[in-house]
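Report on one structure; see the data block that follows.
The values are calculated or read from the model by the stated rules, or taken from the named source; none is laboratory data. Bear in mind the structure is a predicted one, so any value in this text is a computation, not a measurement. Cβ placement follows ideal geometry from the backbone for every residue including glycine, while neighbour counts extend to all protein chains displayed. Each accessible area value is taken on the protein alone, full model and side chains, heavy atoms only, with ligands, DNA and RNA left out. Shrake-Rupley method; radii C 1.70, N 1.55, O 1.52, S 1.80 Å.
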Amino acid sequence: MSAAPAAALTCEISFTIEVTQGVGPIRPGTHLPGRAEYTTTGRTFRQEGGSTAHLAAGSMTIGDNITGPIWTLIATSRPHAADLIGVYAHHIEGLSFAGLDYEGPMALTLFGEPGSRPTPEPPMTQAEWDDMDLRRAFTLHADGDMLAGDVLDLTAVCS
């Protein structure tokens with residue numbers, strides 16, 4: 001079921017990934033710069049478990065050339081389980097190794113203490129992003145493998 005259209009939100013996020021599960025020459029411990037720019041479309045819909053999907057347009061880039069279009073943000077707000085802000089990209093280009101194309105999805109997932117998000121809306125302020133500090137993870141999937149890491153030094157500017 002679709003919710004009423006919400007106001008569009010534009011964000012630019014920069015972060016560093018400390019690789020925990022590498023791929024080819026990208027070894028554990030490597031630091032990769034990341035950035036994401038998106039604008040929500042104003043279209044949202046409820047999902048199971050109390051989460052809300054916020055459709056968005058933009059891009060996420062890791063390193064010099066691993067990139068793909070952002071298509072959604074997922075947000076939760078609930079008192080009994082960790083809150084989540086997830087930024088998701090798909091159709092990823094720029095990483096292939098040993099015959100595998102890492103096409104995604106690519107996800108930036110930030111978890112906060114239960115109830116840290118007052119509503120399942122995307123964060124707007126740096127303080128709201130900072131509240132999502134229980135676990136901060138990055139993943140990029142291929143068929144049967146993935147590049148993964150911890151998210152460090154996240155800075156967000158939203159309007």
Take the residues in segment 1-26 that are of a type outside the set (A, V, I, L, M, F, W, C) and at pLDDT below 75; name whichever of them is nearest to GLU121 (Cα to Cα).
PRO5
Here's a check for you: in segment 116-159, which residue that is open to solvent by less than 50 Å² (accessible area, probe 1.4 Å) and part of a loop (DSSP other than H, G, I, E, B) is modelled with the highest pLDDT?
MET132
Can you give me the number of residues within segment 11-53 that are of a type outside the set (Val, Ile, Thr), under 17 Å from THR139 (Cβ atoms) and within 13 Å of the chain's Cα centre (by Cα)?
4
Going by what's in this entry, would THR61 be described as closer than 23 Å to ASP130 by Cβ, in a strand (DSSP E or B), open to solvent by less than 20 Å² (accessible area, probe 1.4 Å) and modelled with pLDDT of 95 or more?
yes
Verdict on LEU110 being modelled with pLDDT under 95, within 25 Å of GLY22 (Cα to Cα) and aliphatic (A, V, I, L, M)
no
Look through LEU73, LEU95 and report the one residue that is over 12 Å from the mean Cα position of the chain (by Cα), buried (at least 21 other Cβ atoms within 10 Å of the Cβ) and either modelled with pLDDT of 90 or more or of a type in the set (Asp, Glu) (or both).
LEU95
